[in-house]
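K.L.:
My questions all concern the structure below.
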Amino acid sequence: MSIRWDLCGAILTTAVLIGCSSTRFVSSWKAPGAELRVRGSKVVAVAMIESDTARRVAEDKMARELTARGAVGVPMYEILPGAGGASGELARFALEDAGVDGVVVMRPVPMDREIVTRSSVYEGPRYGGYWNGYYEFGWSHPGEAGPRNVVWVETLVYSLEDNKLVWVGQSRTMNPGTVDQLATELAAAAGDQLEQLELIQ
């Protein structure tokens, strides 16, 4: 994979600020041979959420976390404000024109959703590529940002150069509070998970 992601001390700082996080990844999968090194690369934060306000908050938070880790983090709404209603072709053109190397996607999923761990699912049409795959599926099933005691979120990392899924994890957050608090916890937990899997070099 061409994405370069170098972890810096920001993740430790974030963990200290959060304290005892209520976000836990309960399932994750990485593509065989995947290696994330995104220092200096442009990586876009995408939040597939029905509420435009919540989407912007989540994308801002993830973009800042990406930048803190050495990438050039950009919220999707800055490149394409109406991403939720945009066609895959229009979104792809916008990201290619902006020179984006990869995307980190967050999408809340139903609480009763079965946790998927089988690699055959992630290698299938829905997840296999961002274009002609997850982009279309995700925006046809955007998540809700309403208050809940438990929030399940699917977080994915895609390399856009070869249009392939690099990593996906499903997390559970207890009593998340605001969208900003949820995005902060999720970004820190995702970074920690990637580090444990030695995906961050």
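K.L.:
Hey, with R₀ at 41 Å, roughly what FRET efficiency would S87 and N175 work out to, going by the Cβ-Cβ distance, to 0.05?
P.N.:
0.65
K.L.:
Compute the FRET efficiency between T53 and V26 as 1/(1 + (r/R0)^6), taking r as their Cβ-Cβ distance and R0 = 35 Å, and round to the nearest 0.05. Could the numbers behind the result be given before it?
P.N.:
On the way: r = 28 Å, r/R0 = 0.80.
The pair T53/V26 has a calculated efficiency of 0.80.
K.L.:
Measuring from label point to label point, each 7 Å out along Cα→Cβ, what is the E144 to E78 span in nm?
P.N.:
Modelled inter-label distance: 3.2 nm.
The numbers here are math on the coordinates, done by the rules we state, and not lab data. Every value quoted in this text rests on a predicted model; they were computed, and no experiment measured them. As a convention, Cβ positions derive from the backbone with ideal geometry for all residues, glycine included, and neighbour counts pool all protein chains shown.
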